[in-house]
Amino acid sequence: MSYEVVGITVLWTFLYGYLIVASVDFGAGFFSYYTKQRKKNHIIHNIIQRYLSPVWEVTNVFLVFFIIGIIGFFPDTAYYYGTALLVPGSVAIILLAIRGSYYAFATYGAKESKWYSFLYGATGLLIPASLTTVLTISEGGYVRIDNGNVQLLYGELFGSLYSWGVVILAVVSVLFISASFLTYYASRAKDTNALNLLRKYALIWSFPAITMGIVVFFLLNKRNPEHFQNMVELWWMFGISFLSFAIATYFIWKKRNYGTAFILVMIQYFTAFFGYGISHFPYLLYPYLTIYDGFTNETMATALIIAFIAGLLLLIPSLYLLMKLFLFDADYVEGKKSKVL
Amino acid sequence: MFEYDPVLYSRILTTLTLAFHVIFATLGVGIPLMIAIAEWMGIKRNDPHYTLMARRWARGFIVTVAVGVVTGTAIVLQLSLLWPNFMRAAGHTIGLPMFMETFAFFFEAIFLGIYLYTWDRFKSKMKHFLLVIPIVIGATASAFFITTVNSFMNAPQGFEIVDGVLTNVSPLAAMFNPATPTKISHVIITCYLTAAFILGAIAALNILKGKNHVYHKKALHLTMVTGAIFAIGTAVIGDLSGKYLHEYQPEKLAAAEWHFETESEAPLILGGILTEDNEVRFALEIPYALSILAGGSTDTVVTGLNDFPADELPPLWIHYMFDLMVFIGMYLALVSMIFVFFNWKKNWNAFSRPLLWAVFAGGPLSMLAIQSGWFFAEVGRQPWILNGIMTVSEAATTSQHVDIMLLVFIILYTVLGITCVVVLRRMFKNNSVEHELEERGIVHHSKQEAN
Ligand code: HDD
Ligand code: HEM
Ligand code: HEM
């Protein structure tokens, strides 16, 4: 494998990691707000708090890692996307800032507030919507470059069916991923009421998630036929994705194997995400930028890869410890261990 | 009225974000060390007051970390959005430490999550203490890595430019450039210093308000002892930073000191104003001191401003920033040493109101020194973003709308800053030390003197 491919694979994997952990987090924020409105919050409040409190900061680091990584491996992306994304990027920053800080304020500031939980719920849906703009733009046709000046075509972006399709896909996926994880977590916590409610949410959002996936797939045909063609060639990956989805939903529906069901949901998104990514190859931005134009020098690439491996050796045991203490420790999950700060 | 200039707006927005971030970043680097020291003392002296101190500091810390994390995320995105050309060059040359910084964050974030939620989970207190070590290491490592990036901006090396193309890159040489040793050590130790003084200011304020529990005295004593050590270290390393400037960025030093003529036995100028024809008025002159700061001896020749091309000079107001920082440095060292000395002399009163007020003032002042230090260092590098290689205006975005973004971010930071203060106040007001001591059944120690 060339350095370029190693680099993009590492980054794509981290973006996938962010997709999963952030979806759980974003969706949880929305469910928490929604149930508050419907006065059902007491049912799932503990489950959400117990999972989220120790891990929220880790989620954010996934995103930072991806951004820094892409600038390290592909410095030219900073130039193209940086200039084009000033406004959407700033919107995403602001939403992330509001979400992160108000979560901490609400959780540790020792006061329940409707306003905080509204911010927390609303940003949970708006952030995925704004972040997906990047993927939309990468399909080409949304930026213009005249003599070195990169410009985002707002009319094109807001007027295109494809771009709205992607936004809706992102939002419903977030809700589906989140609900299926929380269903599993509630089942481990032996919290029947929470389980019933969350299971219902998972089933409700399963159908829109898969439908939007298919709809966006066909919208892409109009947007970027070349990419679409490449995706069709990788049909088997999307086949696996669909199959995983079907089995996962079946399990949740039949009230069994919630753990396996969540792993299948992860596989569903893994195959779809990598199918999308591989078929996008080698373009970072159609048709201006491929991974070969924008690549950093070889010395830097080697250094980054070495740093990456060393970093993983440090992180994997630490993440394992985190999961062991909070995800797989039955007493903690069931709320038997004090969680006083 | 004004013509839209993306460079100017980008500079203002970057300044705003960095100046806001660095408040929380400084605390984020410094406070974990203070927490670790307090928890350690609690175990070693078997004194639950120190353990509670660590616990309460950690609880406040998480709120400041949250703001640090979100503003840090904003910086990374903003650097790409506002300085695309700089980030492209940086990606090629100094991407390595930036990349490593994210691992430091990761490491810290994971253990912070564990640390906060495992206070009463282990039988052995030592086990819980061990969890704070990775947080201290992670926080300091992130300061280390990001500061190498800033050092690189001041003293770029480790690459060649052939026909406008960057080649022959050596990431390690870029990381360990001449500015790195002094810059890193000065930044890290001032983070520790500031954290000690902010926490000390809170303790002093509580005592001033009439709370006389020994807990507050112990907190004050702990922060002032550590503060004194860090303050002395800061001054020593600050002096070395001056010597670095003399060698590698003489224009910054000359601008900071309003030093126009190249000469030896140069005096240090404190305060004053500059007249139209560059004459220094009303300033305090310390003979030979600039030569000593620059080279360690009175006969060091210090290059003057007149010997540099006029269009490569930084603005001369950084003189005040430098003076402010140094003045505060001296003040902090003095106050903390007086406190420690008084407290050591058993029959002198270290808790007199004037001294407590002086300690309290040290909190905000230390943060002001951080700000003025950064303004001095960053504005002193103007007009360059990469010293001698790329100017600020070459690096900036050409994008429209930076002005609107500036407005939006001003609002965001105002709201965040205010809420952060409100939340912190409420957190500690609703749960006072005295109340918590009682709740946790910690007996009052009869010994009133903290030591
Ligand atoms: C509590 C904060 C604080 C205090 C008390 C001091 N400094 Fe400082 N100083 C900083 C906080 C700081 C800083 C914010 O950390 C800077 C800004 C950029 C940097 O590298 O560190 C800095 C930069 C900085 C520089 C410029 C380095 C460069 O641009 O590369 C010099 C020469 C000094 N300092 C010297 C001193 C001296 C002689 C002090 C006397 C006691 C002093 N500082 C106290
Ligand atoms: C020398 C000055 C700086 C210091 C000491 C510093 C240190 C810190 C600290 C302590 C945090 C809080 C994170 C935590 O506690 O987990 C933080 C957050 C962050 N900083 Fe800064 N920082 C500085 C400047 C910068 C700059 C210039 C950048 C951009 C390149 C940056 C990027 C970040 C990022 C991305 C985060 C959020 C990381 C996360 O998601 O956990 N920092 N920084
Ligand atoms: C956290 C500590 C830092 C603070 C408080 C800080 C502060 C500042 C300030 C006040 C300016 C404005 C100077 C001017 O406009 O005249 C500036 C410029 C800048 N700094 Fe720093 N800086 C810090 C560290 C860094 C680091 C580590 C980086 C690199 C990743 C960086 C990147 C920049 C950039 C890109 C500019 C814009 C160019 C300019 O206007 O000079 N800064 N910084």
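So here's what we get for this one:
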item: Residue in segment B:214-222 that is part of a helix (DSSP H, G or I) and within 16 Å of ligand 3 (Cβ to nearest atom) present; result: no
item: Considering residues of segment A:291-305 that are facing another protein chain (nearest Cβ under 9 Å) and aliphatic (A, V, I, L, M) only, the residue farthest from A:A78 (Cα to Cα); result: A:A303
item: Residue match in segment B:18-26 (condition: away from ligand 3 (no atom under 12 Å from the Cβ), at pLDDT 85 or above and among the aromatic types (F, W, Y)); result: no
item: Enumeration of residues in segment B:328-347 that are more than 16 Å from ligand 1 (Cβ to nearest atom) and either among the small types (G, A, S) or within 15 Å of B:L220 (Cβ to Cβ) (or both); result: B:I338, B:F339, B:V340, B:F341, B:F342, B:N343, B:W344
item: Conditions (1) part of a helix (DSSP H, G or I); (2) modelled with pLDDT under 85; (3) of a type in the set (S, T, N, Q): number failed by B:N349; result: (1)
item: Candidates B:L131, B:L193 - the one that is in contact with a helix residue (DSSP H, G or I) (Cβ under 7 Å, 6 or more places away or on another chain) and within 14 Å of another protein chain (Cβ to nearest Cβ); result: B:L131
item: In segment A:66-96, the residues that are within 20 Å of A:E139 (Cα to Cα) and β-branched (V, I, T); result: A:I67, A:I70, A:I71, A:T77, A:T83, A:V87
item: Total residues in segment A:189-207, condition within 20 Å of A:I247 (Cα to Cα) and either in contact with a Ser or Thr (Cβ under 6 Å, 6 or more places away or on another chain) or touching a residue at least 40 places away in the same chain (Cβ under 8 Å) (or both); result: 7
item: Residue that is nearest to ligand 1 (Cβ to nearest atom), among those in segment B:359-412 that are more than 14 Å from chain A (Cβ to nearest Cβ) and hydroxyl-bearing (S, T, Y); result: B:S366
item: Any chance B:G362 is modelled with pLDDT of 85 or more, away from ligand 2 (no atom under 15 Å from the Cβ) and closer than 14 Å to B:I328 by Cα; result: yes
item: Residues that are surrounded by fewer than 23 Cβ atoms within 10 Å (Cβ to Cβ), under 18 Å from A:V216 (Cα atoms) and touching a residue at least 60 places away in the same chain (Cβ under 8 Å), drawn from segment A:162-188; result: A:Y162
item: Residue match in segment B:112-120 (condition: of a type in the set (F, W, Y), within 13 Å of ligand 3 (Cβ to nearest atom) and either under 16 Å from the mean Cα position of the chain (by Cα) or within 14 Å of chain A (Cβ to nearest Cβ) (or both)); result: no
item: Test: residue in segment A:225-237 that is touching a Gly at 6+ places or on another chain (Cβ under 7 Å), crowded, with 16+ Cβ neighbours inside 10 Å and assigned to a helix (DSSP H, G or I); result: yes
item: Lone qualifier among A:G17, A:G7 - being among the small types (G, A, S) and either buried (at least 21 other Cβ atoms within 10 Å of the Cβ) or not in a helix (DSSP H, G or I) (or both); result: A:G7
item: Residues (of a type in the set (S, T, Y) and either in contact with a Phe, Trp or Tyr (Cβ under 7 Å, 6 or more places away or on another chain) or free of Cβ contacts under 8 Å to residues at least 24 places away in the same chain (or both)) located in segment B:321-361; result: B:S352
item: Unmet criterion (only one of (1) within 12 Å of another protein chain (Cβ to nearest Cβ); (2) aliphatic (A, V, I, L, M); (3) within 16 Å of ligand 1 (Cβ to nearest atom)) for B:L166; result: (3)
item: Positions within segment B:169-195 being crowded, with 21+ Cβ neighbours inside 10 Å, within 10 Å of B:T234 (Cβ to Cβ) and away from ligand 2 (no atom under 12 Å from the Cβ), in sequence order; result: B:L193
item: Within segment B:127-173, tally of residues that are more than 27 Å from the chain's Cα centre (by Cα) and either modelled with pLDDT of 90 or more or assigned to a loop (DSSP other than H, G, I, E, B) (or both); result: 6
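The values are calculated or read from the model by the stated rules, or taken from the named source; none is laboratory data. Computed from a predicted model, the values in this text were never measured in an experiment. So basically every Cβ, Gly included, is an ideal-geometry build from the backbone, and we count neighbours across all protein chains shown.
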